[in-house]
Amino acid sequence: MPVNKDSSTLDAIRSGNPKILEKLYDDNRKPFIIWAIQLYSCDEEDAIEVYQKAYTILYMNVRNGKLTQLTSTIKTYLFSIGKNLFREKFRDKHNKTVNLDDVSNTSAINNQVDNDILDDYQKNHQKELVRHLLDEVGDPCRKLLQLMFIQGFSADAVVSEMGYSDERVVRKRKSLCLKKLREMVASNKKSNLL
């Protein structure tokens, strides 16, 4: 959905148009659930629960005037709310402590230690995979992506660092480089390298 069409959708939400609310809910529900199950390895019930919370937050943000203008699509905004809800959900799960008085044996502690080791391994594997993909993507993409995502440079800073003419060129190059990286990831998944 283009952003200008989404702006008119925001106006319809503000006015309480039930058809627009229902259409927005239905159009994004299935893609959100598929995305959540694939990305977060959750079951469908959790994905639906998070979707409903994300949709409610979107609705309340529009109705309360917190969201008056979009810089992305409504779908992107909705999914980013969902992403934050999943992070919060996993953070809460991860930060739960085990009460030793409630544990008759040490299996819960051992499971937590095993999970922490597995999480560390997965994080290290992901970092190594990113390094490998950045090496494969080559320059100038590698340098541009490292500056923007690893070192946190703004598009304006990348212009002066890499000698591009303006920020639009940086954004276009970034988009092309990310597309190339996604294609590499997809081909690696197909060949089971990931």
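When you scan the range 43-51, do you find a residue that is at pLDDT 90 or above, closer than 22 Å to Q69 by Cα and not basic (K, R), even just one? So far as the range 43-51 goes, yes, one or more of its residues are at pLDDT 90 or above, closer than 22 Å to Q69 by Cα and not basic (K, R). Reported count of residues in the range 104-154, each being at pLDDT 60 or above, among the polar types (S, T, N, Q) and assigned to a helix (DSSP H, G or I), is 4.
The condition of being touching a residue at least 60 places away in the same chain (Cβ under 8 Å) and either surrounded by 10 or more Cβ atoms within 10 Å (Cβ to Cβ) or not in a helix (DSSP H, G or I) (or both) holds for only one of L39, L10, that being L10.
Between L144, L176, which is in the same structural domain as L129 (by TED's automatic domain parsing) and over 16 Å from R131 (Cα atoms)? Show your work before the answer.
Working: L144 fails: over 16 Å from R131 (Cα atoms).
Exactly one of L144, L176 is in the same structural domain as L129 (by TED's automatic domain parsing) and over 16 Å from R131 (Cα atoms), namely L176.
Quick one: would you say K53 is closer than 24 Å to E88 by Cα and either out of contact with any Leu (no Cβ under 8 Å at 6 or more places or on another chain) or outside the structural domain of E88 (by TED's automatic domain parsing) (or both)? In short, no.
The values are calculated or read from the model by the stated rules, or taken from the named source; none is laboratory data. Being a predicted model, the structure only gives us computed values, none of them experimental. Note that each Cβ is placed from the backbone with ideal geometry, even for glycine, and that neighbours are counted across all protein chains shown.
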